[in-house]
Amino acid sequence: MKRLSFSTTALAAVLVMGLSACQQTGQKEEAPDNVNEFKQPTEAPVERAAPPMATDLGTVYFDFDSSRIRTDARDVLKKNAEALRSSGNAVTIEGHCDERGDEEYNLALGERRANSVKAYLVDLGVGSGQLRTISYGESKPAVVGSGESAWQWNRRAEFRTR
């Protein structure tokens with residue numbers, strides 16, 4: 001019985017010290033008001049930090065259910081090819097999809113997207129040994145949400161240094 005009361009007393013003392021320390025700082029932590037708001041993106045999403053992005057290489061976006069290189073992506077890929085040829089850096093091209101379609105289909109579509117970007121870069125003179133491809137399907141969305149405002153950013157190919 002004495003052990004129980006000693007443990008209880010010790011626990012109470014620790015709690016009181018912790019509470020008084022919190023009160024002394026006078027700081028109150030509150031969640032921001034907009035924490036549950038979804039805002040439609042107006043610009044491309046900020047690139048993730050790890051593993052490192054090839055920051056000098058632009059992201060390529062795709063149309064729904066397509067791995068065809070769009071006209072607007074050709075300029076991005078020409079700049080990427082110039083940077084890769086001059087630097088000699090090795091990169092991984094990541095193929096991504098939006099949430100529509102089942103997992104197996106989206107992994108295959110992401111692979112086709114990454115491979116079409118690789119083929120385009122090789123045609124522009126980048127060494128195929130510099131390029132590796134991987135598909136993440138829908139598992140790593142750039143923007144979370146349903147609807148075209150989110151999906152358009154998730155149908156992409158990104159470049160990571162290796």
Report the gain in length on full extension from Glu82 to Glu99: 0.36 nm times residue separation, minus Cα-Cα distance, nm rounded to one decimal.
2.9 nm
Under a no-solvent Debye model with one identical scatterer per Cα of the stretch 115-162, what's log10 I(q)/I(0) at q = 0.22, 0.32 Å⁻¹?
-0.83, -1.21
So between Thr92 and Asp65, what do we pick up on full extension, going 0.36 nm a residue minus the alpha carbon distance?
7.5 nm
Amide H neighbours of Thr133 under 5 Å, at least 5 residues apart or on other chains, H built in the peptide plane: list them.
Ile93
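Laboratory data are not the source of any read-out in this text; all were calculated from the coordinates shown. Keep in mind it's a predicted model, so treat the numbers as computed, not measured.
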